Amino acid sequence: MRPGVTPGPDRVTDTSTAAGSDTDDGVVGEPRWPMAGAVLAAIILSILLPDAERLGPQWLLPLVEGVLLVAVIAGDPGKINRRSRGLRALSIVLVSVLVLGALWATGQLVDDLIHGGAVTNSASELLQAGTIVWASNNIAFALLYWELDGGGAAARAHDLPAAHGFAFPQQLNPGVGPPDWRPRFIDYLYLGFTNATAFSPTDAMPLAPWAKIAMAIQAIVSLGILGLVIARAVNVFT
């Protein structure tokens, strides 16, 4: 700056943009596309659900989830590193809608299996519905873990101090990962998948009460879907 020149209002730097930049020291923002891809997959699965297992009209949940996803992406495209209460609230609402839809479909499927529904008369249709519901729960719970752990993806990108819900191997033993390692969506997707298949933590250990409760609910849901669907399908085949 030349001597004697005083910066005017138009010279003010946008510190909020600079703070959200992925080039800042200690900021490791993860790409948005894995999370967005998982939400799109959940939307497609909700469209493929049989009418009896769906919450509301066929277009309702996909429309709500699609609008929320577009709003979240528009607010923080590319790498997830912008800290905003509004964006975090939108993301939590999106994840809540996904979890609600998955749990509703699970309840309806279990009810059909117990009391007998149209989908339970055909083994192929039953297995298809069970697979869709099981996969929808895995995606929904993975997004739930991803959104709530450590204050969310943006907070983890800035390495803000927070109460962590999970302890990953790279956090317990920093020597096995890079110095700036942060858990990303794929880590939570793997966590959800292993919990749904092994019904226990195999990779990351739950620390917070909410994490233990969420994992317990997911394990119960997965066990119920797999046990009842397979048993009913075998009965129809025989």
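Points to keep in mind about this one:
- Top-ranked residue in segment 27-59 [being assigned to a helix (DSSP H, G or I) and of a type in the set (Val, Ile, Thr); ranked as nearest to Ile92 (Cα to Cα)]: Val39
- The residue pairs whose first member lies in segment 25-50 and is closer than 16 Å to Phe185 by Cα, whose second member is part of a helix (DSSP H, G or I) and among the hydroxyl-bearing types (Ser, Thr, Tyr), and whose beta carbons are closer than 7 Å, counting only pairs six or more residues apart or on different chains, are Ala42/Ser136.
- Qualifying residue in segment 231-238 (condition: touching a helix residue (DSSP H, G or I) at 6+ places or on another chain (Cβ under 6 Å), part of a loop (DSSP other than H, G, I, E, B) and buried (at least 17 other Cβ atoms within 10 Å of the Cβ)): no
- Residue check, Gly117 surrounded by fewer than 22 Cβ atoms within 10 Å (Cβ to Cβ) and farther than 30 Å from Leu207 by Cβ: yes
- Of all residues in segment 75-98, those satisfying the criterion of being free of Cβ contacts under 8 Å to residues at least 60 places away in the same chain and surrounded by fewer than 21 Cβ atoms within 10 Å (Cβ to Cβ) are Gly75, Pro77, Gly78, Arg85, Gly86, Ala89, Leu90, Ile92, Val93, Ser96, Val97.
- Among the residues of segment 168-205, those identified as surrounded by fewer than 20 Cβ atoms within 10 Å (Cβ to Cβ) and closer than 20 Å to Ile217 by Cβ are Tyr190, Phe193, Thr194, Thr197, Ala198, Phe199, Ser200, Pro201, Thr202, Asp203, Met205.
Any read-out appearing in this document is the output of simple, stated calculations on the displayed coordinates, not a laboratory observation. Treat the numbers as computed from the prediction; the structure is a model and nothing was measured. No Cβ is skipped: glycine too gets one built from the backbone with ideal geometry, and neighbour counts run over all protein chains shown.
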